[in-house]
Amino acid sequence: MRYDRVNAMLVNDVIAEHRTIEQPERREVNDAAYLCLLRWLLYAIAILAFTWPVYRAFLNIEIENNEGWNAYFADAAMGKMPLYPSADQLITNNYPPLSFYIVGLVGRLVGDPVLAGRLFSLIAIVAIATAIALSVRRLGGSRVAARISAAFSVARISRFYVSYAGLNEPQLLSEGYHDLWFSGISNRQIE
């Protein structure tokens, strides 16, 4: 509480006397049915948000202009051409080669390196959500909290990172690997 020396009154009492807006009755946050409804709405939002990248991944069109660039180097990693071109050529590659080898190998199996990269991107979204759920559980959260965290992660990535979700781009592949690795390492440190 603050004390106003000039008027010798408690300022909080003055504020309380002059309140004209009544506070609305608040809904109980501990209402189980209400929380269950919110949880299932979040699950539905996550599924709907993830539907678009999954659908788009199977379209035979270029989504972003660097998908072809990544497919070119995935093919190069499979021995069709040098992965790192010579300095006199007008093309550069400063990416680490692991993603190109992985996408190139799976691209041979599915017949298209662009589709392979897109599939890895979708798998990475699930891997990131799984790593978040595992981390929440290991930090003491409940199973429901872990599932909500995973669903929120899927919805967030699918909606706000559209330039990576379902795209032949090694960024999400590396983040999914990193997040799963980190959640495994954190488990060892906690135990």
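The values are calculated or read from the model by the stated rules, or taken from the named source; none is laboratory data. These numbers were taken from a predicted model, which means no experiment stands behind them. Backbone-built Cβ (ideal geometry, glycine too); neighbour counts: all protein chains shown.
Structure values in brief
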quantity: Test: residue in the range 110-132 that is farther than 25 Å from residue 162 by Cβ, of a type outside the set (S, T, N, Q) and surrounded by 17 or more Cβ atoms within 10 Å (Cβ to Cβ); calculated: no
quantity: Identity of the residue in the range 155-191, among the hydrophobic types (A, V, I, L, M, F, W, C), modelled with pLDDT of 90 or more and farther than 22 Å from residue 106 by Cβ, that ends up surrounded by the fewest Cβ atoms within 10 Å (Cβ to Cβ); calculated: 160
quantity: Elements of type helices (runs of 4 or more DSSP H) contained in the range 63-174, each with 1 or more residues being over 23 Å from residue 185 (Cα atoms), in contact with a Ser or Thr (Cβ under 9 Å, 6 or more places away or on another chain) and not β-branched (Val, Ile, Thr); calculated: 66-75, 113-138, 143-160
quantity: Pair list, Cβ < 6 Å and 6+ apart or interchain, from the range 114-141 residues that are without any contact (Cβ under 8 Å) to a residue 24 or more places away in the chain to residues that are buried (at least 21 other Cβ atoms within 10 Å of the Cβ); calculated: 133/150
quantity: Hey, residue 102 β-branched (Val, Ile, Thr), at negative phi and crowded, with 17+ Cβ neighbours inside 10 Å or not; calculated: yes
